[in-house]
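Everything on this sheet refers to the single structure shown next.
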Amino acid sequence: MALDAKGRVAWVSLAAAAVLTSAKLIAGLATDSIGVLSEALHSALDLVAAVMTVFAISRSGRPADADHQFGHGKYENLSALFETLLLVATCAWIVWEAVERLEEGRAPESSPWAFAVMLLSIAVDVQRSRALMRVAREYGSQALEADALHFSSDVISSCAVIAGLALSAAGLGWADPLAALAVAGVVLVAAVRLIGRSVDALLDRAPAGAREAVRTRIGSVEGVIGEAEVRVRPQGPVLHVDAVVHVDGRSTLDEAHAVASRVEDAVRESFPGADVNVHVEPRRGCDPGGGS
């Protein structure tokens, strides 16, 4: 089966993460640099996250069925949450190892290959982060956005590792574990951001401003009287909207149905792909019109 844009970018990112993990692991073991090794672990985390993203994307795209009547979009939210837990575990290991290196005063060996691997990593991370974020925004995919966050955080942490290697080569051996701690700080910030987004989505927290935007859009539809009662909740990349709208009580069933159809179209203009459920209530003694 042919892959869509989301599937293609997820698979390419998985391949990139595999290459970077291998390259950093070899360079880290060769130089005994905790900074490079921490980056190798960070990239290994990206590899695991990329695998989960590919799985989540493939599952979330399935249509609703008898057991998942609102679709499978939550797979993307679960994927983002698991990635967060991996990020936190990575931080713990990096901090532990870096503190031990500081106490021992052990410095890494200087090697041009370590610098080359880190520069390659930055170039790949920048390209993958941009590609993932572009598709994530286009499709409203939290799983791809989480993947993009992993790659973008790698850029910052890789720069810190390069600085640590350079200072260590100049005789400042403590710089390498400090660079590793900087990596841990970057990873932890990314983890906190992902925790908030993942938990909000799993608890059906409405996206900021979405309810008000939907209500305003419905209020401009011809035939709707007064303010609509609106509930929204995310399901992966899909926004589910339940709306109760009032129409002139003298309207025929066909006319009321036409108003409901216009409401659905109006909401989807602002939120493409939204699952909109409209309930129509009659209101007596009012003239039909557009807006409140």
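The values are calculated or read from the model by the stated rules, or taken from the named source; none is laboratory data. This one's a predicted model, so the numbers in the text were calculated from it and none came from an experiment. Cβ atoms come from the backbone with ideal geometry, glycine included; neighbour counts cover every protein chain shown.
Can you go through Ala266, Ala208, Ala228 and tell me which one is under 32 Å from the mean Cα position of the chain (by Cα), crowded, with 17+ Cβ neighbours inside 10 Å and within 30 Å of Ser58 (Cα to Cα)?
Ala266
Please go through the range 188-205 and pick out each residue that is of a type in the set (Val, Ile, Thr) and either in contact (Cβ under 8 Å) with a residue 40 or more places away in the chain or loosely packed, with under 15 Cβ neighbours inside 10 Å (or both).
Val192, Ile195, Val199
Hey, among Thr21, Thr53, which residue is in contact (Cβ under 8 Å) with a residue 60 or more places away in the chain, part of a helix (DSSP H, G or I) and farther than 22 Å from Ala175 by Cβ?
Going through Thr21, Thr53 in turn, just one is in contact (Cβ under 8 Å) with a residue 60 or more places away in the chain, part of a helix (DSSP H, G or I) and farther than 22 Å from Ala175 by Cβ: Thr53.
Taking Val124 as the residue in question, decide whether it is assigned to a helix (DSSP H, G or I) and modelled with pLDDT of 75 or more.
yes
Might you let me know whether the range 167-184 holds any residue that is part of a helix (DSSP H, G or I), closer than 20 Å to Phe82 by Cβ and not basic (Lys, Arg)?
Yes; the residues of the range 167-184 include at least one that is part of a helix (DSSP H, G or I), closer than 20 Å to Phe82 by Cβ and not basic (Lys, Arg).
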